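The values are calculated or read from the model by the stated rules, or taken from the named source; none is laboratory data. What you are looking at is a predicted structure, and each value in this text was computed from that prediction instead of being measured. FYI the Cβ positions are ideal-geometry reconstructions off the backbone, even for glycines, and counts take in every protein chain you see. We work out accessible area using only protein heavy atoms, side chains counted, and drop any ligands, DNA or RNA first. Shrake-Rupley method; radii C 1.70, N 1.55, O 1.52, S 1.80 Å.
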Amino acid sequence: GDNGAADNGADNGAAANPEATTLIVGLDNAYPPYGFIGDDGNLTGFDIDLATEVAARNGWNLELEAIDWDAKDALLGQGTINCIWNGFTMEGREGKYAFSKPYMHNEQVVVVKKDSGISKLEDLADKNVMTQADSAALDVLEGDQKALADTFAGGKAQTIGDYNNAFMQLESGAVDAVACDLSIADYQMAAKPDMFVKLEPLSTENYAVGFAKDGDTAMVDAVNKTLKEMYDDGTIAQLCEKWGEYGISIDNWVLVD
Amino acid sequence: MTNAVVTLNHGKKAFGDNEVLKDISLTVNKGDVLAVIGPSGGGKSTLLRCLALLETLNSGDLSYGDLVVCSNNAEGRAVYGDAATIAKAKTRYGLVFQNFNLFPHYTVLQNVTDALICVQKMPKDEALARGRDLLAKMGLADKESMVPCDLSGGQQQRVAIARAMAMNPDVLYFDEPTSALDPELTREVLKVIRDLAAEHMTMVIVTHEMGFARDVADQIIFMDGGVIVEQGPASEVINNPRHDRTRAFLANYDRD
Amino acid sequence: MTNAVVTLNHGKKAFGDNEVLKDISLTVNKGDVLAVIGPSGGGKSTLLRCLALLETLNSGDLSYGDLVVCSNNAEGRAVYGDAATIAKAKTRYGLVFQNFNLFPHYTVLQNVTDALICVQKMPKDEALARGRDLLAKMGLADKESMVPCDLSGGQQQRVAIARAMAMNPDVLYFDEPTSALDPELTREVLKVIRDLAAEHMTMVIVTHEMGFARDVADQIIFMDGGVIVEQGPASEVINNPRHDRTRAFLANYDRD
Amino acid sequence: MEFPVMMGILMEGFGLTAQIFVITLVGSLPLGIVVALARMSRFKPLAWLAQLYISILRGTPLMLQLMAIMFGPYYLFGLNMGSDWKFWACAIGFILNYAAYFAEIYRSGIQSIPRGQYEAATVLGYSKAQTFTKIVLPQVIKRILPAMGNEIITLVKDTSLAFVLGIMEMFSAAKALAASEVSMIPYAIAALIYWVFCLVIEFILNRVEKKLDYYHD
Amino acid sequence: MEFPVMMGILMEGFGLTAQIFVITLVGSLPLGIVVALARMSRFKPLAWLAQLYISILRGTPLMLQLMAIMFGPYYLFGLNMGSDWKFWACAIGFILNYAAYFAEIYRSGIQSIPRGQYEAATVLGYSKAQTFTKIVLPQVIKRILPAMGNEIITLVKDTSLAFVLGIMEMFSAAKALAASEVSMIPYAIAALIYWVFCLVIEFILNRVEKKLDYYHD
Ligand SMILES: Nc1ncnc2c1ncn2[C@@H]1O[C@H](COP(=O)(O)OP(=O)(O)OP(=O)(O)O)[C@@H](O)[C@H]1O
Ligand SMILES: Nc1ncnc2c1ncn2[C@@H]1O[C@H](COP(=O)(O)OP(=O)(O)OP(=O)(O)O)[C@@H](O)[C@H]1O
Ligand SMILES: [Mg+2]
Ligand SMILES: [Mg+2]
């Protein structure tokens, strides 16, 4: 039942040592560029590369679990997965998870169609704006940017299950704007050049790895420590380079000390 | 012939290769009671169904009074009249099915009156009055608001007769009116038919009750293998059959 | 009394407040043919169903030969024997239902032999041989692999008889064996029953065919309102009924 | 989050759930009859078309059908359907899908009505339309009620698929609440509301069944 | 992504879809009979229990039932069920849920068998168990085939709910592919595979129906 990528992870991990700790990463496999199905058919993505390297350096076995986003909290609580590592925004979720140090700077942005005539956030008044249910963008629009969301058609942002669908709604004119992570926006814009433009950021925030609230703090510390090492020895820079075409940049890396 | 209620000339009907009616001609005059007897599979029901326009004849001429329902074209195939003609013909006869085919979801009164109201567009009051009259005549005055499944077989049979009579048909067809009934009920239903005969209702009755056929029918037709083997006054056919096949058939019936 | 195949003493049965059998006693001796006649609702079927253990008596004693099926306790309520006794009793009678109740998904041969194989644990070969014998006797040798729905009513009836006979019962019950059949088939089935009588099969037959009752039965019971109104040798009850109610009932039947 | 707030959000979602449910029934119950009649038509091309329709609509996921209707006009024809289209797409998708399921149920019911009923109506002069609406259909409804019940109760829960179009019916609302509260309680409440709704439907179906019990055949 | 790679992933998902489908049928078809018999039991408490079971399992979303089975042992009893538990939870959830739907179908079928069949079997000495398995059930199966068909075809598509347990059946695979590729093609292929699978099932059901057509009643 496990997919090929999980086996990959185990291969370059410490598969030889059956007693080793296992890092089970829960991820949404429909969330490029952090976790998705690559051209070779295996799970791939920036966060997956990070997790693979972290596990390898700690001598952990790595398992990648593609999960239904709706089941993530139950799975984490039960221990079926150790962490959510999947472009997971920590702002707005503080206190609900034991987070690693933030590692990646992120922005929530609004994407509109190029020919829509919308050029700034104020133009979104009375427009249909869509975002993913249970997403950081939604948190922002219900939090710091609530005043802006109040001006949307319907007085709030609409929600949908996945961003792919949201961008189809945008493209087909069912909605006027999509609020999402910067890298999601870049990925979609790369896939459909000249279709969309970004507006100014809604907010800035950080990605972190989310562990169960009252779980194993040793693992959190190890992740923090290893990510720092990887930054120091240039591994991170390499990975950012590798994923550069999907909008990932070393400039956004924040875990530097 | 001004008296003929229904006339069939050279009627033929086949199901695939099976020729079920082979050149049947008959005329039923006003007030006649015609009994059709014969062995199973002889084509009696098919004949009735062709007369009632439930089956189409392959060839032949069929008229109800002056209304030509179908007649042969140049190639000798029966050609039926237009929808209006067929609709008109349907008001001229009624059919009482062997297993009644009452509408189970309608009350007794609805069974009798619904076609009057919906098809013949009779005012509702008039239709209900007429339905109640007929039910009373059939001894069912107190059953009008019951549904068929709560009636005995004999009562259902009488509702079916009332339903057919309600349309005020010129001729009434019966297919084995008593074969689903027990002897007491049989007696009851035969009495109803005898009463209708006494009122000069024109009827064609497929039956296995020889005693009844002899008593109530003016004419008897004996059918076998799709042809009319013998036809004549009732007592004559039953008591002095001329054909061997008729004799053999009648020998099945205890006449003690 | 060593000859008694089935004995019922003071049998009573009520459905709710409706007392359907009021103190019925009867004995059927080996080789007897007993006809039960009477008006609809008189309790004939209920009597047969009580004898066939499809209904439980409220009170009374019922035995098959030396096997006591039920008897009254101190309070006068019928107490039935244990499962083994009931199972044993069931091998002593057969019942032919009015509407046959053949198993539609079984072939004719399976209908006749399945209970032999599954219930009586007879070896399969033996059961099949016996089934084929019986079917041949019923004139159904060529129908063994057909299913009931492809048979005519009379043929189904004969399969039902063969199925009941296959268990080699001491007594055979029939509930209106011909009421679902047309006259030619009726004649056919009555012949089968007459043949069984000629072979001294013990039978209890609920019937509306007076002529047949008189011909084939040794004894006739006339039931009405849950009691045995009159009982006696067949020709006597039919030709010289002693009770008014019997006379009134028999007057329904044309005896010409 | 306080309980009344949570219930408010769930009940708002339930309003949409109930709307989808009612609109689907109102549309697909009659449409199912039309499809069933087409499927049984003696005009073969029509019958085949209806069979293809039924087979595709039953054989592919409703969620994809909803997406096809939602996005088809734009991606296939470049039409911009506006922001209300999702409600129309939702109604059309559910109605078309359920009509296919209902059609098969109607068909089995219509085929179980004895020929004699048609013949009796014909002899009495009923038109084909009258025969169907007055004689056949009322009897069919009684016969298919249990099978319809199963399907209708499935519909209650299928309404949650409307979320693929961005319609936040109750189940999606519960999902969102569960995620933001990191709690299973919204799910439990949603399950309870569904269950009560289904009990009400079962109660109504039982009532109708009892009501049609005045006759049997 | 190259087409063969995509098909490989979809077919791998389809393997799971087909497994869930088969396991569910193998478990719930017999269990449904048991539930139906319990529902019709003359021992009232058992009948009520069965009715409650049916009403809850039909009245709440299968997705929540799957989650309850998956997480219930841990959250209610602190049991750690191990990593294979999701497959067991999936099988148990689908079987229990479909058994409830099937039970209602069986029940309508069993109730339609005429009393006379039971009486004939009783008089011939068949035990209750023999009567049910040899006389009643074969006739029931013929009668309920169309209703079962509807439900079985629904099951094909319900398998996609297994993703809530992290089981990547075909539909979830298609979803992930659609997101990664920013393309509807994976959905279209999934729909086609579902459709073909349903056609195969319909074909088999038609075959069985034809086979049981050797008699009618
Ligand atoms: N719809 C049909 N399709 C094919 N054959 C038919 C059809 N209806 C009747 N037949 C055949 O026509 C022949 C005559 O049947 P019909 O019912 O008219 O006989 P019948 O004289 O009424 O017999 P019974 O006394 O048994 O009612 C039979 O061989 C029968 O099999
Ligand atoms: N299962 C039952 N529940 C309630 N009442 C019943 C039941 N079976 C029979 N009865 C009633 O018992 C009475 C006798 O019925 P039974 O069937 O024994 O009469 P019958 O003599 O066989 O009549 P028929 O000649 O019409 O067959 C009737 O009043 C009937 O309504
Ligand atoms: Mg006939
Ligand atoms: Mg009786």
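Here is a yes/no grid of residues against (1) β-branched (Val, Ile, Thr); (2) assigned to a strand (DSSP E or B):
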site	(1), (2)
A:Gly87	no, no
A:Gly92	no, no
A:Val112	yes, yes
A:Ile118	yes, no
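Go through region D:127-157 and give me each residue that's facing chain E (nearest Cβ under 9 Å) and either acidic (Asp, Glu) or within 30 Å of A:Asn128 (Cα to Cα) (or both).
If the condition is that a residue be facing chain E (nearest Cβ under 9 Å) and either acidic (Asp, Glu) or within 30 Å of A:Asn128 (Cα to Cα) (or both), then D:Glu151, D:Val156, D:Lys157 are the ones that fit.
Here are some residues: A:Gly215, A:Gly234. Which one is open to solvent by 10 Å² or more (accessible area, probe 1.4 Å) and at pLDDT below 90?
Checking each option against the conditions leaves just A:Gly215.
I'm trying to understand the selection: among the residues of region A:75-97, which are surrounded by fewer than 21 Cβ atoms within 10 Å (Cβ to Cβ) and within 14 Å of chain E (Cβ to nearest Cβ)?
Within region A:75-97, A:Gly77, A:Gln78, A:Gly79 qualify.
Scanning for something touching a strand residue (DSSP E or B) at 6+ places or on another chain (Cβ under 7 Å), closer than 20 Å to B:Met201 by Cβ and within 14 Å of another protein chain (Cβ to nearest Cβ), does region B:118-130 turn up at least one residue? Don't jump to the end; show me each part of the working.
Step one: list which residues in region B:118-130 are touching a strand residue (DSSP E or B) at 6+ places or on another chain (Cβ under 7 Å), which gives none.
For region B:118-130, residues touching a strand residue (DSSP E or B) at 6+ places or on another chain (Cβ under 7 Å), closer than 20 Å to B:Met201 by Cβ and within 14 Å of another protein chain (Cβ to nearest Cβ): absent.
For region C:50-76, give me each residue that is within 12 Å of ligand 2 (Cβ to nearest atom) and either surrounded by fewer than 21 Cβ atoms within 10 Å (Cβ to Cβ) or more than 19 Å from the chain's Cα centre (by Cα) (or both).
Within region C:50-76, C:Leu54, C:Glu55, C:Thr56 meet the criteria.
Between residues in region A:208-228 that are among the small types (Gly, Ala, Ser) and residues that are part of a helix (DSSP H, G or I), which pairs lie under 7 Å by C-beta distance while being six or more apart or on different chains?
From residues that are among the small types (Gly, Ala, Ser), the pairs are A:Ala212/A:Leu76; A:Ala212/A:Gly77; A:Ala222/A:Asn58.
Here is a list: C:Val79, C:Val6. Which entry is crowded, with 19+ Cβ neighbours inside 10 Å and either of a type in the set (S, T, N, Q) or more than 16 Å from ligand 3 (Cβ to nearest atom) (or both)?
One residue alone meets the criteria, C:Val6.
Give the residues of region E:82-100 that are of a type in the set (Phe, Trp, Tyr) and open to solvent by less than 10 Å² (accessible area, probe 1.4 Å), sorted by residue number.
E:Phe94, E:Tyr98
What number of residues within region C:116-137 satisfy the criterion of being open to solvent by less than 50 Å² (accessible area, probe 1.4 Å) and more than 23 Å from E:His216 (Cβ to Cβ)?
Residues flagged as open to solvent by less than 50 Å² (accessible area, probe 1.4 Å) and more than 23 Å from E:His216 (Cβ to Cβ) within region C:116-137 amount to 9.
Listed here are the residues, each with its yes/no results for (1) within 15 Å of the chain's Cα centre (by Cα); (2) more than 16 Å from ligand 3 (Cβ to nearest atom); (3) open to solvent by less than 10 Å² (accessible area, probe 1.4 Å).
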residue: C:Val192; (1), (2), (3): yes, yes, no
residue: C:Glu199; (1), (2), (3): no, yes, no
residue: C:His208; (1), (2), (3): yes, yes, no
residue: C:Ala213; (1), (2), (3): yes, yes, yes
residue: C:Ile228; (1), (2), (3): no, yes, no
residue: C:Gln231; (1), (2), (3): no, yes, no
residue: C:Ser235; (1), (2), (3): no, yes, no
residue: C:Asn240; (1), (2), (3): no, yes, no
residue: C:Ala248; (1), (2), (3): no, yes, no
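Restricting attention to region D:164-183, report how many residues are facing chain A (nearest Cβ under 7 Å), closer than 18 Å to E:Val164 by Cα and open to solvent by 20 Å² or more (accessible area, probe 1.4 Å).
Residues that pass the stated criteria total 4.
What residue, among those in region E:67-83 that are more than 9 Å from every other protein chain (Cβ to nearest Cβ) and in a loop (DSSP other than H, G, I, E, B), is modelled with the lowest pLDDT?
Taking the candidates together, the pick is E:Gly82.
Across region E:191-207, what is the total count of residues that are over 18 Å from the mean Cα position of the chain (by Cα), under 20 Å from E:Ile144 (Cβ atoms) and within 7 Å of chain D (Cβ to nearest Cβ)?
Within region E:191-207, residues that are over 18 Å from the mean Cα position of the chain (by Cα), under 20 Å from E:Ile144 (Cβ atoms) and within 7 Å of chain D (Cβ to nearest Cβ) number 0.
Just to be sure, is C:Cys50 of a type in the set (A, V, I, L, M, F, W, C) and under 23 Å from C:Thr207 (Cβ atoms)?
Considered against the rule, which asks whether it is of a type in the set (A, V, I, L, M, F, W, C) and under 23 Å from C:Thr207 (Cβ atoms), C:Cys50 comes out as yes.
Hey, could you check region E:2-20 for residues that are open to solvent by less than 20 Å² (accessible area, probe 1.4 Å) and of a type outside the set (Val, Ile, Thr) and say which is farthest from the chain's Cα centre (by Cα)?
That would be E:Met6.
Inspect all residues belonging to region E:17-28 and state whether any of them is among the hydrophobic types (A, V, I, L, M, F, W, C) and within 14 Å of chain D (Cβ to nearest Cβ).
Within region E:17-28 (the criterion being among the hydrophobic types (A, V, I, L, M, F, W, C) and within 14 Å of chain D (Cβ to nearest Cβ)), the answer is yes, since at least one residue qualifies.
Identify all residues within region A:145-164 that are at pLDDT 90 or above and crowded, with 18+ Cβ neighbours inside 10 Å; write none if there are none.
A:Gln145, A:Leu148, A:Ala149, A:Phe152, A:Ala157, A:Gln158, A:Thr159, A:Ile160
Of all residues in region B:106-130, count the ones that are farther than 17 Å from D:Gly125 by Cα and either touching a Leu at 6+ places or on another chain (Cβ under 8 Å) or not in a loop (DSSP other than H, G, I, E, B) (or both).
Residues in region B:106-130 being farther than 17 Å from D:Gly125 by Cα and either touching a Leu at 6+ places or on another chain (Cβ under 8 Å) or not in a loop (DSSP other than H, G, I, E, B) (or both): 8 in total.
Scan region B:16-38 for residues that are within 16 Å of ligand 3 (Cβ to nearest atom), under 27 Å from B:Asn73 (Cβ atoms) and touching a residue at least 12 places away in the same chain (Cβ under 8 Å) and report the count.
3
Name the residues in region B:30-66 that are within 14 Å of chain D (Cβ to nearest Cβ) and more than 16 Å from ligand 1 (Cβ to nearest atom), would you?
Narrowing region B:30-66 to residues within 14 Å of chain D (Cβ to nearest Cβ): B:45-46, B:48-56, B:64.
Within region B:30-66, B:Tyr64 is the sole residue that qualifies.
Okay, residues lined up against (1) among the small types (Gly, Ala, Ser); (2) assigned to a helix (DSSP H, G or I):
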site: A:Gly41; (1), (2): yes, no
site: A:Asp49; (1), (2): no, yes
site: A:Glu53; (1), (2): no, yes
site: A:Glu65; (1), (2): no, no
site: A:Leu75; (1), (2): no, yes
site: A:Val109; (1), (2): no, no
site: A:Asp115; (1), (2): no, yes
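Taking region A:44-71, which residues are facing chain E (nearest Cβ under 9 Å) and among the aliphatic types (A, V, I, L, M)?
Residues satisfying the conditions are A:Ala66, A:Ile67, A:Ala71.
Please identify the pairs in which a residue from region A:88-102 that is within 15 Å of A:Asp214 (Cβ to Cβ) has its Cβ atom under 8 Å from the Cβ atom of a residue that is of a type in the set (Lys, Arg), counting only partners at least 6 apart or on another chain.
A:Gly95/A:Lys213; A:Lys96/A:Lys213; A:Tyr97/A:Lys213; A:Ala98/A:Lys213; A:Phe99/A:Arg93
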